[in-house]
Amino acid sequence: MVVENLDNRRIGMKRKVELKGNLNMYLKWPILMSIILLIMNIILFFINVNVALVVTVFVLLEVIIAIIIYHYSHGKILNDLISFGSDYAQIQKQLLKELSIPYAIVEKNGKILWMNQAFRIIEQTEGKNYKNIKTMFGEITEKAMPKKDEEKELHSTLGDKKYKIVIKKMLLTEINQAVENLSEEGDITKAVGIYAVYLFDETEMLTYVRQIEEEQFVAGLINLDNYDEALDSIEEVRRSLLVALIDRKINKYITHYDGILRKIEKDKYFVALKQKSLVKMQQERFSLLEEVKTVNIGNDMSVTLSIGLGAHGNSYAQNYEFARAAIDMALGRGGDQAVLKDGENITYYGGKTQSHEKNTRVKARVKAHALRELITNSERVIIMGHRISDVDCIGAAIGVFLAAKTSGKKAHIVISNVASSVIPLLDRFRANSEYESDMFVNSEYALDKLDENTLLVVVDTNRPSYTECPELLQEAKNIVVFDHHRQGKDVIDNAILSYVEPYASSTCEMVAEILQYYGEGVRIRPLEADALYSGVVVDTNNFMNKTGVRTFEAAAFLRRNGADVTRVRKMFREDMCDYKAKAMAVRDAEVFKGEYAISICPADTSESPTVVGAQAANELLNIKGVKASFVLTEYNDKIYISARSIDEVNVQIIMERLGGGGHLSIAGAQIADATMEEVVMRLKDTIASMIEQKEI
């Protein structure tokens, strides 16, 4: 029956098929030559009749033979071609069946019309007979199907095998060929749009890729944050034992992960790891950070350490540079944490404890001398803080302004928008004839005055996007940064002098210390001392938050130079509208998870709602059971979050999840393009997620 069908198809095709192209021209060539010979024969009759008669006989013979050959050969050649085409189709069909690459033809809805043997073996791998390719590979959907002549590539898993799936829409000629070759086995003739699907087993390749990835080199640096302080808190005879126990704890941890540890200084270590070991450390969230704190042989202060890791660099040297950048960031954020710089991505772990204040002022003295040198070599100094400048920002800027004037340099402070609480302080300077009228300038004026000999000093922020005028950072050649906030991903990285100390209570405290070592010619007026003292008072919430020995020393220095507590208190008294707004925020607070107070501060009753929001967050901490407070304020088409805690929760890492930052106990974030309800929900989801992951 099959043979009969094939013969009938051949006869039908023979009637329909005609020889065309080069083959048809080749068969007609003898007839064309006969015409040429006839023309030649006619010409010979004009030259020599006898010769022409002889040639005529041979020409007629050639014409008769050519016509006979054409008519008899045409049918035979056509029959042979049809036979060859039929045999070729069978061979092609067989080749497709036996092709080692799994191949199938499917409809747009995923129905399998035909598959070769290799594809059938995969289809029956799990003892199932799939009729639709979408049930085999969930990644294949109607949207994944290619359009026109494009080709789609997908990756999926079936059983324990991983496949690369290539889908190509079959063109009209390909569909006709598929119908001729495969219609006997399937219902392909009814398909309107069909697709060719190829499967490539990439299990082995991906296994090797994963192995190579796991074996990649990761560089690491470990620093003991408070090595000297911890040793000073213990008897001298036990110090060597404490060091030995710490070394043993770190060495045991690194060895457990098949790494290499080398001590390069008394409080610094170099680490070499594999990528797979790093993944395990990440899963355990670097348990060494907590383990090392358990080392106690009578020392009053627990030892903390910082870890910096670099991975996925272009070379071993670049991984080491990544590790150095990571350890600098970990130390700049207060220590007691691990920072991973994975290419351009930075991830933070730990940072749950309050950073320890350094009793030594060596760094402050070094930075003061460096600042004096830079100011001396500059013609002009421009000082800039963050947007919506607060008291700490303005006070620190005035301190740097004083340093510039002491060195005899022209200085300007860039101010655009300030909190309403700062206006009384600014008015006192503007009303004082001893200060130039261009002491406070706008961004346009500063950009106009900026040149190669201008020193730009940024205070109270280390994030370019938070500054009063980011364009100044792009144009300035010489930049100095003074800040007390922990560093994040977005930092001013082209500063020639950077003094970022997260342990400091405020930037005003840092600037007050610098002024003590700036030079003997520094003379602080009472008005300037009030400004610096105000920054310390406000940022510490009247010396209640983040206050250390050096905070009181800085306050005492400012008091000796004329700062008056009564004047400062009267200057920063709240008006009735702000007080009511703060009271409403406290009244309407919601306690989430029994420990986290969340509230919304009304923005329409105050000129500086963000400041009121921060004050309300401080007030909420006075409620028993509240570990952290979050007050949200809508201002200038943004949602501002003020986050506060006492010591139990690191609000900084919570705010970093929302794009912000700050300190362990004082942090914040700014969120645009979102409603208040959306931000509240994001905040709750973030807190819940971090509690579940035991990050807070």
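Some values worked out for this structure:
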| item | result |
| --- | --- |
| Distance (nanometres) between label positions extended 7 Å along Cα→Cβ at E62 and K147 | 6.2 |
| Calculated FRET efficiency for the pair E139/R587, C-beta based, R₀ 45 Å, to 0.05 | 0.30 |
| Burial ranking of peptide ranges 305-313, 551-559, 612-620 (average Cβ count within 10 Å, highest at the top) | 612-620, 305-313, 551-559 |
| Mean Cα-pair separation over length for the chain, i.e. relative contact order, pairs under 8 Å, 6 or more apart, % | 7 |
| Degrees separating the helix 2-16 axis from the principal Cα axis of the chain, which is the longest one | 80 |
| Rounded to 5, percent antiparallel among DSSP beta bridges of the chain | 70 |
| Added length on full extension, which subtracts the Cα-Cα distance from 0.36 nm per residue, M205 to L497 | 100.2 nm |
| Contour minus Cα-Cα distance for N453 and K268 (0.36 nm per residue) | 62.7 nm |
| Cα-based convex hull, region 217-350, per residue volume (Å³, whole number) | 91 |
| Directionally averaged projected area (convex hull, Cα atoms, region 522-608), nm² | 7.6 |
| Gyration tensor verdict on region 577-692 (Cα atoms; rounded if a/c is under 1.5, prolate if a/b is larger than b/c, oblate otherwise) | oblate |
| Rounded Å value of the spacing that divides the Cα centres of region 115-170 and region 591-624 | 55 |
| V54 paired with A317, simple spin-label distance in nm, labels 7 Å along Cα-to-beta-carbon | 9.3 |
| Three-way shape label, region 276-388, alpha-carbon gyration tensor, a/c 1.5 | oblate |
| Spin-label proximity, K410 to region 435-469 - amide N less than 20 Å from point 7 Å beyond Cα toward beta carbon | 435-458 |
| Largest to smallest principal axis extent of the C-alpha atoms in the chain, angstrom | 141, 67, 54 |
| By average C-beta atoms within 10 angstrom, highest first, the peptides 535-542, 296-303 | 535-542, 296-303 |
| Net length gained if the chain between E98 and L38 were fully extended (0.36 nm per residue, minus Cα distance) | 16.0 nm |
| Summed residue charge, Cβ within 12 Å of Y257's Cβ, Lys/Arg positive, Asp/Glu negative | +2 |
| Fewest-first sequence of H412, H484, H71, H386 by Cβ atoms within 10 Å of each Cβ | H71, H386, H412, H484 |
| Burial ranking of peptide ranges 197-207, 215-225 (average Cβ count within 10 Å, highest at the top) | 215-225, 197-207 |
| Whole-Å distance, taken between Cα centres, linking region 208-232 and region 376-442 | 43 |
| Model label zone, E475; criterion: amide N under 15 Å from point 7 Å along Cα-to-beta-carbon; scope region 397-437 | 412-415 |
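A short reminder: the numbers here are calculations on the coordinates, not readings from a lab. Quick caveat, the model's predicted, so the values are computed rather than measured. Note that we place each Cβ from the backbone using ideal geometry, even for glycine, and neighbour counts take in every protein chain shown.
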